[in-house]
Amino acid sequence: MRRGKQMTVPSPGQNSKVAAFGAINYATGEHRSLVPRVTKGGKNSAQFILFVGGLVVRARKTGRRVILVLDNGPIHTSKKTMAFLNHPEIRKHIKVLWLPKYAPNLNDQERVWKVAKQQGVANVLLSNRETLIDHVRKVLNSINTKPGSTFAIAIGRRQAALTIPKYLGTGT
């Protein structure tokens with residue numbers, strides 16, 4: 001589809017969104033993601049803390065500290081999240097670096113989300129929310145299994161990013 005042209009997608013009349021969390025390991029190029037299975041709504045602090053908790057577990061296993069780069073989204077700055085991130089046991093394993101407000105161009109994870117949308121997450125007609133969640137997970141898993149591609153996406157090298165196989169499921 002040409003840039004600037006409106007895409008037409010059949011719709012059952014109800015749009016649905018799925019929340020996802022992601023992290024890029026710059027040492028390996030590995031991408032990790034979590035797509036919470038919730039019945040309604042988007043992301044919340046509890047889900048974000050669960051995702052970061054997984055990073056803490058990995059940091060404990062590897063003995064390497066995680067540098068967590070965050071934008072100033074509400075779930076990143078909520079009282080619950082800040083209490084978690086400032087807990088001494090968590091601070092042993094995670095150092096938080098804050099991006100300036102309104103600077104999505106500095107957030108490499110945003111590039112990964114853009115590629116995921118291009119790979120078949122956006123503008124797809126699926127039968128229900130569960131199918132949408134499964135579809136998003138499949139697309140993210142296709143990105144997660146190719147560390148070199150994820151790293152190329154993050155640093156903006158288009159050629160390597162194009163090698164990610166496009167997943168276009170029918171939702172069935």
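Bear in mind that the values in this text are calculations on the coordinates, not laboratory data. Every value quoted in this text rests on a predicted model; they were computed, and no experiment measured them. Here Cβ is always computed from backbone atoms with ideal geometry, including for glycine, and neighbour counts include all displayed protein chains.
Residues in region 103-133 that are over 24 Å from R2 (Cα atoms) and surrounded by 16 or more Cβ atoms within 10 Å (Cβ to Cβ): how many?
Total meeting the criteria: 7.
Scan region 59-81 for residues that are in a helix (DSSP H, G or I), within 20 Å of the chain's Cα centre (by Cα) and within 14 Å of I49 (Cβ to Cβ) and jot them down. Steps first, answer last, please.
First, pick out the residues of region 59-81 that are in a helix (DSSP H, G or I): 59-62, 74-77, 79-81.
So of that shortlist, the ones also within 20 Å of the chain's Cα centre (by Cα) come out as 59, 74-77, 81.
If the condition is that a residue be in a helix (DSSP H, G or I), within 20 Å of the chain's Cα centre (by Cα) and within 14 Å of I49 (Cβ to Cβ), then P74, I75, H76, T77, T81 are the ones that fit.
A19: under 25 Å from T131 (Cα atoms), surrounded by fewer than 18 Cβ atoms within 10 Å (Cβ to Cβ) and within 14 Å of the chain's Cα centre (by Cα), yes or no?
On the way: under 25 Å from T131 (Cα atoms): yes; surrounded by fewer than 18 Cβ atoms within 10 Å (Cβ to Cβ): yes; within 14 Å of the chain's Cα centre (by Cα): yes.
In short, yes.
Looking at Q47, Q109 in this structure, which one is outside any loop (DSSP other than H, G, I, E, B), without any contact (Cβ under 8 Å) to a residue 40 or more places away in the chain and among the polar types (S, T, N, Q)? Spell out how you get there, then give the answer.
Details: Q109 fails: without any contact (Cβ under 8 Å) to a residue 40 or more places away in the chain.
After applying the criteria, what remains is Q47.
Which of (1) surrounded by 17 or more Cβ atoms within 10 Å (Cβ to Cβ); (2) of a type outside the set (A, V, I, L, M, F, W, C); (3) closer than 12 Å to F21 by Cα does D71 not meet, given it meets every other one?
(3)
Quick one: count up the residues across region 82-102 that are aliphatic (A, V, I, L, M), buried (at least 16 other Cβ atoms within 10 Å of the Cβ) and part of a helix (DSSP H, G or I).
2
Here are the criteria: (1) touching a Lys or Arg at 6+ places or on another chain (Cβ under 7 Å); (2) part of a helix (DSSP H, G or I). Tell me which single one A23 does not satisfy.
Here A23 meets the rest and fails (2).
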